[in-house]
C-alpha cells in the first residue's frame, strides 16, 4: 500500500494506492458523496485486496475537502473534484500504473462519466455501484436527513424548500455534519448520468443491491440500461441481494458484489446479464 499527497487544484489530496508486485493496470475509485464514502471504505479495502490478487492495482483519492485531503467541504465543487480526479489519473500513470478502468459509486457515477468525457477512449470499462442518475433528486434525499433530524426537536420543523431558501440567503447550509456551498448545490441540481457515458468509457457493468430475490431494478435504472443497449453500447446488469451498504447504520459489505466486481474488472469478460443471490 502506498499513501501519497498529490497536488490538487486548490490543495493537496490524499491518494491511497494498493499495488500488487506484478501489476497490469489500475482501477480508479470515484468515491460517493459525503458520509456515504465512510460507509464504503471497508468495501473499497476488500475490493482492493481482491483485485490485487488478480494483478490489478487500485487508486483511491480523498477529493478536495473530504477525508484527509486539504480544504473544507463547503469550498468544494464539481470542477475542483473533476480536476482532482484527472490529476490522480496522471499521477498514477507517472507511477507506472496506468488507469484503465473505473469503479464509480453512487454520485461518483455521473462524476466518473464527466471524467471519462475529458479522457475519451482512456478507460476500457467501468463498474457502477448503485448509480445515482439525477443529482437534484439525490440532493432532495440528502436534505431530508436534516428535515428528519428537525422533527426530533420541539417547535422546529424544517422542509426541503425552507432549507433551499436558507441556502439561497446564506450561501451555505449544513446537513448531517457536512456544510455545502451554493455553487456545489447548483452544480448537483443539474448533474445527471450522461447518456453518452458508454461511448466515452466503453463497457459498463451496472451493479445494484436489492432488498430481496423478488425485487427488480428500479424503473429509472431499467430505462437507462435499455436506452444504452438500444444505442448499441455495451452495458451489463448485475443484481445482488443485501443491505444498502452506502447508508446502513452499521458498516456492512456485500461479498458477492465485491467478488463479482473484482472478477469483471480483472478478467474483462464478454458482457452478459447476471443475477446474483
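A few remarks follow.
- Cα shape, region 183-225, gyration tensor, a/c 1.5 rule: oblate
- Mean residue ellipticity, 222 nm, helices only, the chain: the sum of -39500 (n - 2.57) across DSSP H runs of n ≥ 4, divided by residue count and rounded to 500, is -12500 deg cm²/dmol.
- Relative to one another, the C-alpha centroids of region 41-57 and region 193-263 are positioned 19 Å apart.
- Candidates 254, 38, 155: whichever shows maximal mean-square fluctuation once the chain is modelled as a Gaussian network with Cα springs under 10 Å: 155
- Contour minus Cα-Cα distance for residue 68 and residue 179 (0.36 nm per residue): 38.3 nm
- On Cα atoms only, tilt of 160-170 relative to the major axis of the chain in degrees: 80 degrees
- 0 to 90° range, to nearest 10: angle between helix 108-118 axis and the chain longest Cα axis: 60 degrees
- Cα centroid of region 148-190 to Cα centroid of region 1-27, whole Å: 34 Å
- A Förster distance of 25 Å, applied to the separation of the beta-carbon atoms of residue 133 and residue 249, puts the FRET efficiency at 0.50.
- Ranked by how many other Cβ atoms sit within 10 Å of their own Cβ, fewest first, the residues 253, 66, 190 fall in the order 190, 253, 66.
- Here region 1-90 carries DSSP beta bridges of which approximately 70% are antiparallel, counting only pairs with both residues inside.
- Relative contact order [Cα under 8 Å, 6+ residues apart], region 2-125, whole percent: 33 percent
- A Förster distance of 45 Å, applied to the separation of the beta-carbon atoms of residue 86 and residue 219, puts the FRET efficiency at 0.85.
- Taking a point 7 Å out from the Cα of residue 263 in the direction of its Cβ, the residues of region 195-212 whose backbone N falls within less than 18 Å of it are 204-210.
- Computed from Cα positions, the angle between helix 135-150 and the longest principal axis of the chain comes to roughly 50 degrees.
- The chain, relative contact order [Cα under 8 Å, separation at least 6], %: 19 percent
- Mean sequence separation of contacting Cα pairs (under 8 Å, at least six apart), scaled by the length of region 137-186, corresponds to a relative contact order of 29 percent.
- Global form of region 35-103, assessed from the alpha-carbon gyration tensor, a/c cut-off 1.5: oblate
- Separation of the residue 161 and residue 35 label points, Cα + 7 Å toward Cβ, nm: 2.6 nm
- Antiparallel bridges, percent of DSSP beta bridges restricted to the chain (to nearest 5): 35 percent
- Gyration tensor verdict on region 173-277 (Cα atoms; rounded if a/c is under 1.5, prolate if a/b is larger than b/c, oblate otherwise): oblate
Values in this text are rule-based calculations from the coordinates and carry no lab data. Keep in mind it's a predicted model, so treat the numbers as computed, not measured. When we count neighbours, we look across all protein chains shown, and the Cβ atoms used for this are built from the backbone with ideal geometry, even at glycine.
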